[in-house]
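The values are calculated or read from the model by the stated rules, or taken from the named source; none is laboratory data. The structure presented is a predicted model; accordingly, all values stated were derived computationally and were not measured. In this analysis, Cβ positions are derived from the backbone assuming ideal geometry, glycine residues included, and neighbour counts consider all displayed protein chains.
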């Protein structure tokens, strides 16, 4: 019994163990990967993926899925960049980017929560709408970003710490409180575990589903702003399917159940680090951009296979513990 508990706790650390194994393998292949400068770059690249992944995590915990988030990042990025370029106001750009994310979340949540339409159908439809809206908004094709305050936040440092990491840690602190210390988090876990039990306990199911997708929409907008703060040119191709798959994969590798009711912030963050490490390593190895997704996908499938094996082992340990 005690051995089962120890093994169960070790398996709970599987994402961290997987991260260490990958780091060791990649470092053996090319020592540049573990240089201080490159490790810092991996952390910086993790920031936007982590925020989007946390939005995906909350949706998955609630028993849903948000396929619109990737193209939502593109739309929010283009709107954010448009206001920066045309109006020159960072505050106005932030407000309208957040408003766009909120509207995306409310659209998804409204149809899922009030009309009980399947999340896959709703978010697939909104993904198509958002993709078209992005092309309409980005009439000039590309937008130049020159706002000095934004560049200071995205590229500058405070001491030796990049400002983008400081901003990300502040966002993580807010999300941590929201998920673990409010009714929003409690009801989200309950909704994913058993919607019927939650409803009988007085949880407003429809409102909670709307709030879950609203949270995802806000995370989408925050991700967009983090991405734009690091670049000088914004195009409609920013975000998209690639960052969506990175975010969802990060949550699953981090231990979030695709069936709802289970997931953790720390696991999702480790998952995002794994995705960023894989992407960075492939670039260091000199993999061409056209082949990057191919190799990245193969490695991610391998990582997910390992993760599935770990979950199976944990399931067997749980069954054995209950039998004992």
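A few notes on this one:
- Scan of segment 54-74 for residues that are crowded, with 24+ Cβ neighbours inside 10 Å and under 17 Å from residue 209 (Cβ atoms), ordered by number: 55, 56, 57, 58, 59, 60, 61, 62, 64, 66, 68, 69
- If you go through segment 1-51 and pick out every residue that is at pLDDT below 80 and either exposed (fewer than 13 other Cβ atoms within 10 Å of the Cβ) or closer than 14 Å to residue 269 by Cβ (or both), you end up with 6.
- Here the condition is being surrounded by fewer than 21 Cβ atoms within 10 Å (Cβ to Cβ) and in contact with a helix residue (DSSP H, G or I) (Cβ under 8 Å, 6 or more places away or on another chain); of 195, 250, 224, 272, it holds for 195 alone.
- Taken together, 77, 82 contain a single residue that is under 29 Å from residue 150 (Cα atoms), at pLDDT below 95, crowded, with 17+ Cβ neighbours inside 10 Å and touching a strand residue (DSSP E or B) at 6+ places or on another chain (Cβ under 9 Å), which is 82.
For every residue, the table says whether it meets (1) crowded, with 16+ Cβ neighbours inside 10 Å; (2) farther than 19 Å from residue 195 by Cβ.
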residue	(1), (2)
89	no, yes
105	yes, yes
112	yes, no
118	no, no
124	no, yes
128	no, yes
134	yes, yes
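- Filter result for residue 73 (under 24 Å from residue 61 (Cβ atoms) and outside any helix (DSSP H, G or I)): no
- In summary, helices (runs of 4 or more DSSP H) completely within segment 163-241 and bearing 2 or more residues that are at pLDDT 95 or above and closer than 16 Å to residue 68 by Cα occur at 205-228.
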